[in-house]
Amino acid sequence: MHIPDGFLDAKTAVITSALATAGLGVALAGVRRTLPPRRIPLIGLAAAFVFAAQMLNFPVAGGTSGHLVGAVLAAVLLGPGAAVLVMSAVLILQCLMFADGGVTALGANVFDMALVAPAVGYGVYRLLRRLVGEGLRGRLFATAFAAWCSTVAAAISCAGLLALSGTVPLRVALPAMGGIHMLIGLGEALITTLVVAAVARARPELLLERTGPRLRPRYGELAAQGLLVALGLALFVAPFASSWPDGLEQVAATLGFEHRAAATPALAAPLSGYVIPRVGSAALSTVIAGVAGTLVAFGLAWLLASLLTTPRSRGARPGGKGEAPRAPRAA
Amino acid sequence: MNALEVRHLGYHYPDGTTALRDVTFAVAEGERVGLIGPNGAGKSTLLLHLNGLLPEHPAAVPTIHVFGTAVAEPQLAAIRARVGLLFQDPDDQIFCPTVWEDVAFGPLQLGLHGAGLATRVERALEQVGLGGFDERLPHHLSRGEKRRVCLAGLLACEARLLALDEPTSDLDPRGRRELKGLLEALPVAQVIATHDLELVVELCPRVIVLDRGGVVAQGPTAELLADEQLMLAHGLERPHILRHRHPH
Amino acid sequence: MHRALLEPYQHRRSAIHRLPAGLKAGGALAFVLVIALLPRASWTAYGAGAGVLLLLAGLSRIRPRALALRLLLVEPFALGVALLSLLQQDGLRIFAATLTKSTLCLFCMVLLSSTTRFSALLRLLWRIRVPSLLVTTLALMHRYLFVLADETACMVRARRSRTFTQDRASAWRSSASVIAQLFVRSSERAERIYAAMCARGWKT
């Protein structure tokens with residue numbers, strides 16, 4: 001999802017850089033205020049951890065493989081402000097050291113993957129935790145669905161940015177990016193949940209939520225971040241709302257283009273086809289497909305959480321579990 | 001004045017288990033003392049006390065004095081400059097991007113900068129035989145070189161008491177020999193916690209045996225380490241080097 | 001990712017390597033900005049840009065194969081996104097222009113990271129007053145990237161040596177638990193690093 005250089009126009013690059021700087025600034029201020037000094041090294045280590053975790057391959061099918069992104073994992077393990085900082089650091093290092101993601105697109109990439117992804121993910125996570133309670137099953141369910149939502153939200157934001165730059169039309173970018181990432185999001189959700197479950201089994205105290213007086217200022221930061229995210233998303237929804245019918249008319253007017261446009265997303269759609277036939281408007285069908293996909297992901301998240309928390313009597317597979325050994329070297 | 005005085009030091013882990021009890025010993029200025037004992041005896045925990053990293057909540061009456069100064073809050077910064085702690089894993093201790101920056105970290109905290117800082121770092125690197133390693137990245141160094149960078153970081157603070165935690169573990173024979181030579185040449189007091197009993201025999205005239213958080217014996221190295229019963233009772237062994245010296 | 005790929009910097013004795021990091025980073029930034037923000041299909045400008053980069057690459061004395069390899073590693077991402085731009089009016093031209101632009105910028109960044117140490121870039125970030133918490137995070141991240149990558153490789157190897165099934169479910173589960181273990185170890189190491197920082201008089 002890393003946007004390279006050359007894909008964004010000047011206005012998008014400037015807007016996203018400003019949003020990313022503001023968001024990162026809010027997160028930095030929040031972390032500096034609330035983080036005890038002894039956890040400062042942990043932020044750096046967590047960034048290295050996310051980077052290293054992204055290098056592990058998960059086999060998908062036919063020789064292809066996917067990997068973790070880690071925004072929700074970082075948010076669940078470290079809190080939202082730290083997650084923004086960690087993900088930004090990962091993206092900056094990837095950009096400067098490995099040319100992974102463009103320099104002019106750094107703001108956009110930070111916005112997508114270090115702001116939208118953790119903010120949406122953590123928002124969904126907190127909301128679900130409040131709804132389904134504090135147990136492990138609730139935590140895993142919230143983690144799974146939050147990871148899925150954050151992946152899709154980041155993809156939608158990315159599609160919006162590409163469309164805003166006039167590089168890719170929204171009617172192509174949105175279903176293609178959204179559709180692909182509704183699938184990729186399932187992988188992200190599965191990995192994130194498996195990791196959180198393994199950490200919960202090995203070292204539950206690392207997952208203890210820090211509550212108390214510190215929670216209050218966090219809500220302010222969360223609100224500020226939410227505002228930034230909303231502002232950014234609104235920028236992409238605006239052209240979406242106005243240009244969609246034009247896009248359709250254009251399709252009708254020109255080369256019978258809809259066959260190609262529909263063919264691409266269908267490749268990757270989580271449902272039998274992303275564009276549901278017999279519904280008149282393409283926009284409406286996209287919305288319906290999106291809602292249906294979300295419901296499926298919601299159900300799968302619940303199923304996964306239940307599977308992972310039902311006591312397993314049969315076949316505790318050796319080597320398959322996270323029996324992370326404690327290694328207190330300073331004992 | 002003694003470099004280090006520990007009197008009736010006790011410590012419990014946060015979960016309540018006893019880590020150290022009634023530990024009392026002293027180290028003279030410029031003296032090298034070996035600290036031996038089985039795994040879990042409390043050696044590392046003891047070393048962490050020497051510059052105030054432990055206990056988390058300072059005791060009412062200070063139990064440790066370094067060059068006459070109590071290891072307690074108002075003087076803690078000065079103490080930490082004077083007591084150099086060498087950690088077991090050099091990857092924990094070298095946390096800066098380059099060798100130069102890592103060695104400069106301590107002096108920087110002491111307020112040094114500019115030419116003063118540069119000469120300090122240069123000198124410390126020369127002292128451990130790593131002149132010209134300034135721009136090297138830590139992960140390109142051998143284990144022996146990493147240890148020496150850690151040591152240079154302590155020397156750059158002009159530490160006068162070194163507390164070394166397993167300095168020779170996972171070094172190859174050459175790395176070990178070089179480190180031994182370095183420690184031998186340093187004119188500062190040293191407490192060496194180690195399982196490397198040959199090293200203790202070679203470097204330390206005096207030894208402290210620690211087990212289950214308490215001092216079980218202290219005295220001349222040759223005498224204590226030759227005591228087969230004492231050694232076996234505390235998970236240790238009589239080093240070969242002594243067998244050859246004192247054949248029965 | 002291969003261990004060698006984690007280290008883009010390649011030491012050579014060249015004029016390019018000796019240039020101050022600030023100049024190189026500033027130049028690269030300017031180059032990328034100009035190329036990326038040029039209107040589409042400024043083909044002469046692209047040609048000139050390519051010429052400059054090839055000249056610099058030649059002066060840097062880095063083997064062309066090494067540069068090409070790094071470029072090839074990141075190119076597929078650009079190609080993937082660019083393919084989407086085909087699906088519109090005038091798609092082919094937009095596609096060609098976007099891909100050319102991004103390839104030039106990628107080449108420029110590959111050249112920068114091959115000739116400039118990351119530690120020098122970090123010092124530059126300090127100097128231009130990027131918030132210290134962010135620079136500290138980047139510095140620690142860069143330092144422990146290699147340590148964690150080695151730890152991961154060890155864990156994967158250890159797991160593989162006692163895993164006899166090849167099914168996908170267990171592969172996922174085992175990779176996930178490697179990640180979990182890596183997090184546990186990272187947080188333990190962070191504690192020890194904090195102790196080491198305090199031991200050398202770190203003031204917060």
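The values are calculated or read from the model by the stated rules, or taken from the named source; none is laboratory data. If you're wondering where the values come from, they're calculated on a predicted model, not measured in any experiment. Neighbour counts are summed over all protein chains in view; Cβ atoms, including those assigned to glycine, are modelled from backbone coordinates with ideal geometry.
Being assigned to a loop (DSSP other than H, G, I, E, B) and either hydroxyl-bearing (Ser, Thr, Tyr) or buried (at least 16 other Cβ atoms within 10 Å of the Cβ) (or both) is the filter here; which residues of the stretch A:49-66 pass it?
A:MET55, A:LEU56, A:THR64
Residues in the stretch A:80-87: is at least one at pLDDT 90 or above and surrounded by fewer than 18 Cβ atoms within 10 Å (Cβ to Cβ)?
There is no residue in the stretch A:80-87 that is at pLDDT 90 or above and surrounded by fewer than 18 Cβ atoms within 10 Å (Cβ to Cβ).
Which one is farthest from B:LEU199 (Cα to Cα) among residues in the stretch B:24-62 that are buried (at least 23 other Cβ atoms within 10 Å of the Cβ) and in contact with a His (Cβ under 9 Å, 6 or more places away or on another chain)?
For the stretch B:24-62, the residue satisfying everything is B:ALA41.
For the stretch C:7-34, what are the residues that are touching a helix residue (DSSP H, G or I) at 6+ places or on another chain (Cβ under 7 Å), hydrophobic (A, V, I, L, M, F, W, C) and within 14 Å of chain A (Cβ to nearest Cβ)?
Hits for the stretch C:7-34 are C:ALA21, C:ALA25, C:ALA28, C:PHE31, C:VAL32.
If you go through the stretch A:181-207, how many residues are within 11 Å of another protein chain (Cβ to nearest Cβ) and either buried (at least 21 other Cβ atoms within 10 Å of the Cβ) or within 13 Å of the chain's Cα centre (by Cα) (or both)?
11
Which one of the conditions (1) in a helix (DSSP H, G or I); (2) at pLDDT below 70; (3) hydrophobic (A, V, I, L, M, F, W, C) does A:LEU194 fail to meet, given that it meets all the rest?
(2)
Mind checking which residues of the stretch C:58-86 are touching a residue at least 40 places away in the same chain (Cβ under 8 Å), under 28 Å from A:ASN109 (Cα atoms) and either among the aromatic types (Phe, Trp, Tyr) or more than 14 Å from chain A (Cβ to nearest Cβ) (or both)?
Passing the criteria: none in range.
Residues being at the interface with chain A (Cβ under 9 Å from one of its Cβ atoms) and surrounded by 20 or more Cβ atoms within 10 Å (Cβ to Cβ): count how many of those fall in the stretch C:119-148.
Residues in the stretch C:119-148 being at the interface with chain A (Cβ under 9 Å from one of its Cβ atoms) and surrounded by 20 or more Cβ atoms within 10 Å (Cβ to Cβ): 13 in total.
Results for (1) within 27 Å of C:GLU7 (Cα to Cα); (2) more than 11 Å from chain C (Cβ to nearest Cβ); (3) of a type in the set (A, V, I, L, M), shown as yes or no for each residue.
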position	(1), (2), (3)
B:ASP89	yes, no, no
B:PHE105	yes, no, no
B:HIS113	no, yes, no
B:SER142	yes, yes, no
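Condition first: crowded, with 24+ Cβ neighbours inside 10 Å, more than 7 Å from chain C (Cβ to nearest Cβ) and either under 23 Å from A:LEU207 (Cα atoms) or in contact with a helix residue (DSSP H, G or I) (Cβ under 9 Å, 6 or more places away or on another chain) (or both). Can you find one or more residues in the stretch A:26-38 that meet it?
Scanning the stretch A:26-38 turns up at least one residue that is crowded, with 24+ Cβ neighbours inside 10 Å, more than 7 Å from chain C (Cβ to nearest Cβ) and either under 23 Å from A:LEU207 (Cα atoms) or in contact with a helix residue (DSSP H, G or I) (Cβ under 9 Å, 6 or more places away or on another chain) (or both).
Scan the stretch C:189-204 for residues that are within 10 Å of A:LEU45 (Cα to Cα) and either more than 10 Å from chain B (Cβ to nearest Cβ) or of a type in the set (Val, Ile, Thr) (or both) and jot them down.
Listed by number, the list holds a single entry, C:ILE193.
If you scan the stretch A:165-179, which residues turn out to be under 20 Å from A:ALA61 (Cα atoms) and at the interface with chain C (Cβ under 10 Å from one of its Cβ atoms)?
Listed by number, the residues that qualify are A:ALA176, A:MET177.
Quick check on my filter: what residues within the stretch B:180-196 are farther than 17 Å from B:LEU47 by Cα and aliphatic (A, V, I, L, M)?
Answer for the stretch B:180-196, where residues must be farther than 17 Å from B:LEU47 by Cα and aliphatic (A, V, I, L, M): B:LEU182, B:LEU183, B:ALA185, B:LEU186.
With more than 24 Å from C:TRP126 (Cα to Cα), surrounded by 23 or more Cβ atoms within 10 Å (Cβ to Cβ) and touching a helix residue (DSSP H, G or I) at 6+ places or on another chain (Cβ under 7 Å) as the only criterion, which of B:ALA124, B:ALA156 stands out?
B:ALA124
Can you name the number of the only condition in (1) assigned to a helix (DSSP H, G or I); (2) among the hydrophobic types (A, V, I, L, M, F, W, C); (3) more than 10 Å from every other protein chain (Cβ to nearest Cβ) that A:ILE92 fails?
Of the numbered conditions (1) assigned to a helix (DSSP H, G or I); (2) among the hydrophobic types (A, V, I, L, M, F, W, C); (3) more than 10 Å from every other protein chain (Cβ to nearest Cβ), the odd one out for A:ILE92 is (3).
Among C:VAL184, C:VAL156, which is in a helix (DSSP H, G or I), among the β-branched types (Val, Ile, Thr) and more than 7 Å from chain A (Cβ to nearest Cβ)?
Step by step, each of C:VAL184, C:VAL156 is checked, and only C:VAL156 is in a helix (DSSP H, G or I), among the β-branched types (Val, Ile, Thr) and more than 7 Å from chain A (Cβ to nearest Cβ).
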